[in-house]
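**Q** Questions regarding the structure given below will be posed in turn.
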Amino acid sequence: MADYVEKESKSVEVAIEEALNEMNIDKEDADIEILDEGSKGLFGLIGGRNALVRVYKKVDYEEIIKSFLYPVFDMLGIDGDIDITAENNTLNVKLSAENIGIIIGRRGETLDALQYLLGLAVNKRSDKFMRVTLDVCNYREKREETLIRLAKKLADKVERTKKNITLEPMNPYERRIIHATLQDYGHVETYSIGDEPNRKVVIRYKREYRKA
Amino acid sequence: MKELLETIARALVDCPEDVYVNEVEGEKSVILELKVSKDDMGKVIGKQGRIAKAIRTVMKAAAVKENKRVSVEILQ
């Protein structure tokens, strides 16, 4: 489904105007992407370039997100609020509810599944890709802090004992946090073993010491 | 349960009107048979079954609430 119109014209303003006219929508209902500002060239003669814009019909993301999540809430017996903020190409969806355990699931797998499906639903109707993040009561934020703390604690232990430590299975996102945290931390290095969904991070003592 | 699967599937496919779910209820388990338009099969299965897996995960969470086991089958 092509939900956009591209127009080339002398100036950005004119190009947008033409695109809006062709799509028969108002500026408020459009997302505008300027692909090329154009240039007047030298003395308006040599090397002039037309402006190029791409205009999307604005998709009502809020509507899509809510009509997807509310039935899920109902089914899980959760009474919650949905707060959506948009920045650039990212939609941050935050849920606040009681009884959040059921929506997070074991190791956050239900939350990840919902986030994935929500992303697909949001992007189905538009050519412009929107990243969708789903969090409930700051679960992800807190989880990240916990993982960073855990990583450092275990790295210290590895450094002391010089013995490898294998962490419990984590999803790719969580493993990334561990790897990133320990990238420049102490005399340790990290790698992953095993297959999804049981892939684990191993923290190992770094034998040769490289000078910084 | 049936309604939830229908809602999720309709949000993913191009032909929501062709989404159909049949619920076979047992004592401790529920089997949900999902049927979508032929062209939409990929949209509910995904690469290496990634979408199907996510759908099953969400449905499993819903089933816990009802104290049942759920299996989602995608019919051709």
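**Q** Just need a number here: residues in the stretch A:72-90 that are within 14 Å of chain B (Cβ to nearest Cβ) and surrounded by fewer than 14 Cβ atoms within 10 Å (Cβ to Cβ).
**A** Number of matching residues: 2.
**Q** Taking into account only those residues within the stretch A:122-161 that are of a type in the set (Gly, Ala, Ser) and out of contact with any strand residue (DSSP E or B) (no Cβ under 6 Å at 6 or more places or on another chain), which is surrounded by the fewest Cβ atoms within 10 Å (Cβ to Cβ)? First the steps, then the outcome.
**A** Restricting attention to the stretch A:122-161, the residues satisfying the condition of being of a type in the set (Gly, Ala, Ser) are A:126, A:151, A:155.
The next check asks that each one be out of contact with any strand residue (DSSP E or B) (no Cβ under 6 Å at 6 or more places or on another chain); those that pass are A:126, A:151.
Working: A:Ser126: 19, A:Ala151: 22.
Here the residue is A:Ser126.
**Q** Further, regarding this structure: Among the numbered conditions (1) facing another protein chain (nearest Cβ under 8 Å); (2) at pLDDT 95 or above, tell me where B:Asn22 comes up short.
**A** (1)
Residue-by-condition table, conditions (1) at pLDDT below 90; (2) closer than 25 Å to A:Leu111 by Cβ:
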position: B:Leu12; (1), (2): no, yes
position: B:Asp18; (1), (2): no, no
position: B:Ile51; (1), (2): no, yes
position: B:Lys60; (1), (2): no, yes
position: B:Val64; (1), (2): yes, yes
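**Q** Among the residues of the stretch B:41-76, what is the count of those that are away from every other protein chain (no Cβ under 11 Å) and free of Cβ contacts under 8 Å to residues at least 40 places away in the same chain?
**A** 7
The values are calculated or read from the model by the stated rules, or taken from the named source; none is laboratory data. Please read these numbers as outputs of a predicted model, since none were measured by experiment. For neighbour counting, all protein chains shown are included, and Cβ atoms are generated from backbone atoms with ideal geometry for every residue, glycine included.
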